[in-house]
Amino acid sequence: MKDRLIRRVVPSLPILARWPVVPQVLDALDWGLRRCDRTYASLPPASLRMRIGVSNRILRNAAVFHEAQTIVGRFVDRGWVGAGARIVDLGSGLGRNAIAFDDQLKFESYDGIDIDTEMVAWCIDHIANESIRFHYADLFSAVYNPTGQPVASYRLPLVDGSISFSLGISIFSHLLRADAAHYAAELGRVTEPGGYACHTFFLLDHLRPRLGDRWTFAHEAEGCWLENPKYPEAAVGFNEADVVAMFAPNGLEIVEVLDKDLHQQTVVFRRRA
């Protein structure tokens, strides 16, 4: 109930981040937090941290950076990504997955792509090196980048069949059907035969018993369901059959659906050999 009330006032924290004086107030509070808790000393400022998936933890949210180690670790443990991997991370945010991959793997390359220019700039300044690259994609999102360009003409800055593993945490959960299908086609293009793609979705097949709590997805759109029609990309739900229909024609077949008991499901695809 608390989450639903909060989301009626603020449908998405990235929207709150653009409100006047909010970033300045947050960073002033963060200045004090950094001196009380050294955990935050090396993290990005709070005004940037609130733009990634921190739930309602607007200030004290260091845990989400540590959680990336667990997220990446289970893909490593299952053998979906390993030494020599060529990785693309859609929605790379503040580089928490890049750090986790670097801690756990000897990969060949990592390319992080995000539509938030300030977060990309922070990652380039603090994380990037010869094998870790970050790219800004000036793409439209009513929530994350309202002045961006249409997604339909975008191509990932990668050559065909050059990626062995892709990751997207809370990307397809913020894409309308047409844009999601475009990304599915691009992932099919850049993923090598036998490569894996692990991306999270709100799959209504598994969420329906819990709808009415944090989420409702009461508003039907073309091929998807929305939480808030005013800000469509704030949260987008799909049926699993529609996800299959988007990815299968691009050579990506579902091999497993993880986290069926959580609010978001992780769908694992494998590129046909």
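Bear in mind that the values in this text are calculations on the coordinates, not laboratory data. Since the structure is predicted, the reported quantities are computational estimates derived from the model, not experimental observations. Neighbour counts are summed over all protein chains in view; Cβ atoms, including those assigned to glycine, are modelled from backbone coordinates with ideal geometry.
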Residue 78 to residue 260: extension gain in nm, 0.36 nm per residue of separation minus the Cα-Cα distance?
63.8 nm
Can you give the alpha-carbon Rg of the chain over 2.2 N^0.38 Å, where N counts its residues?
0.97
Does the range 17-152 come out rounded, prolate or oblate by the C-alpha gyration tensor, with a ≥ b ≥ c the root eigenvalues, rounded set by a/c under 1.5 and, if not, prolate when a/b is larger than b/c and oblate if not?
oblate
Fewest to most Cβ atoms within 10 Å: 126, 182 sort as 126, 182
Find the relative contact order for the chain and round it to a whole percent, using C-alpha pairs within less than 8 Å whose residues are 6+ positions apart.
15 percent
Nearest 20 debye, what's the magnitude of the dipole of the chain about its Cα centre given +1 on Lys and Arg Cβ and -1 on Asp and Glu Cβ?
680 debye
If I model a spin label as a point 7 Å beyond the Cα along the Cα-Cβ vector, how far apart are those points for residue 129 and residue 103 in nm?
1.5 nm
Given Cβ charges of +1 for Lys and Arg and -1 for Asp and Glu, the option among 132, 112, 150 whose Cα lies farthest towards the positive end of the dipole of the range 111-160 is 150
Fewest first, what order do 86, 177 take by the number of other Cβ atoms within 10 Å?
177, 86
Under a 5 Å amide H to amide H cut-off, with H placed in plane at 1.01 Å, what residues pair with residue 112 once short-range neighbours are removed?
89, 133, 134, 135
For the pair residue 220/residue 34, report the inter-label distance in nm, with labels modelled 7 Å from Cα in the Cβ direction.
5.0 nm
Stretched fully, the stretch from residue 57 through residue 230 gains (0.36 nm per residue minus C-alpha distance, one decimal, in nm) 59.9 nm
Among DSSP beta bridges lying fully in the range 64-271, give the percent that are antiparallel, nearest 5.
45 percent
What distance in nm separates the two pseudo spin-label positions at residue 211 and residue 159, each 7 Å out from Cα along the beta-carbon direction?
4.5 nm
